[in-house]
Amino acid sequence: MPAASRVLLLVEHDGDTVSNASRQLMAQAREHADRLGAEFATLLLGYQVQGLAQAVAAMGADVVYVAEAQHLAEYSPVVYVEALEQALKSLSPQLALLPDSFSARETGPAVAFRLGIPFISNCVGLELSEAGMTAVQPRYGGAVHVKVQLPMPAMVWLQPGPGGEDCQHR
């Protein structure tokens with residue numbers, strides 16, 4: 001990875017509180033950034049969210065980026081896709097992590113398509129190296145876990161949890 005590489009977590013919130021899914025992914029994102037020797041950055045989209053930035057920094061992020069505008073006060077897929085696309089273009093993360101949420105399911109694939117980067121959903125774990133990434137996804141109701149190799153930069157919708165190392169891979 002280049003020295004200026006970055007792992008970026010989109011932090012979802014209700015305006016006052018960080019979502020549980022985002023909070024649970026903070027530790028996983030930190031681990032991935034440390035494993036890569038990368039900066040662990042977070043991104044807050046919204047309006048009047050500066051107060052949340054301090055809370056997110058206290059959760060372990062190296063840097064908290066805030067995209068704040070009145071038109072981001074209420075979730076709108078069209079508006080959030082545009083804002084997330086612009087932020088990712090500007091920040092150029094090697095890995096963009098999205099929490100397991102309806103809005104991430106709605107915006108993630110559109111943003112990845114616009115940026116021309118791989119997107120993988122419903123991951124229960126990631127294995128990262130300088131060569132790329134291997135995402136772990138459950139199949140058949142979790143009876144089987146498959147590994148999918150992807151180049152980076154990439155965008156991943158990651159379920160909170162132990163990181164996939166404990167999964168049975170077949």
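The figures follow:
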{"read-out": "Search result, residues across segment 68-81 that are buried (at least 17 other Cβ atoms within 10 Å of the Cβ) and touching a strand residue (DSSP E or B) at 6+ places or on another chain (Cβ under 9 Å)", "value": "L72, Y80"}
{"read-out": "Scope segment 8-26; condition of a type in the set (A, V, I, L, M) and more than 18 Å from N122 (Cα to Cα); matching residues", "value": "V18"}
{"read-out": "Residues being under 19 Å from the mean Cα position of the chain (by Cα), part of a strand (DSSP E or B) and in contact (Cβ under 8 Å) with a residue 12 or more places away in the chain - total across segment 127-148", "value": "11"}
{"read-out": "In segment 42-53, the residues that are farther than 14 Å from P99 by Cα and either open to solvent by 70 Å² or more (accessible area, probe 1.4 Å) or at pLDDT 90 or above (or both)", "value": "G46, Y47, Q48, V49, Q50, L52, A53"}
{"read-out": "Failed criterion for L91 (all others in (1) surrounded by 14 or more Cβ atoms within 10 Å (Cβ to Cβ); (2) farther than 21 Å from Q159 by Cα; (3) at pLDDT below 90 hold)", "value": "(3)"}
{"read-out": "Single residue of L115, L25, L84 found to be crowded, with 20+ Cβ neighbours inside 10 Å and touching a helix residue (DSSP H, G or I) at 6+ places or on another chain (Cβ under 8 Å)", "value": "L84"}
{"read-out": "All positions within segment 56-77 that are among the hydrophobic types (A, V, I, L, M, F, W, C) and in contact with a helix residue (DSSP H, G or I) (Cβ under 9 Å, 6 or more places away or on another chain)", "value": "V56, M59, A61, V63, V64, V66, A67, A69, L72"}
{"read-out": "Test: P99 is open to solvent by 40 Å² or more (accessible area, probe 1.4 Å) and modelled with pLDDT under 95", "value": "no"}
{"read-out": "E68 being farther than 19 Å from A29 by Cα, more than 16 Å from the chain's Cα centre (by Cα) and among the acidic types (D, E)", "value": "yes"}
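The values are calculated or read from the model by the stated rules, or taken from the named source; none is laboratory data. Small disclaimer: the values here were computed from a predicted structure and weren't measured. Quick reminder, even Gly has a Cβ in these numbers, built from the backbone with ideal geometry, and neighbours come from all protein chains shown. Heavy atoms of the whole protein, side chains included, go into the accessibility calculation; ligands, DNA and RNA do not. Shrake-Rupley method; radii C 1.70, N 1.55, O 1.52, S 1.80 Å.
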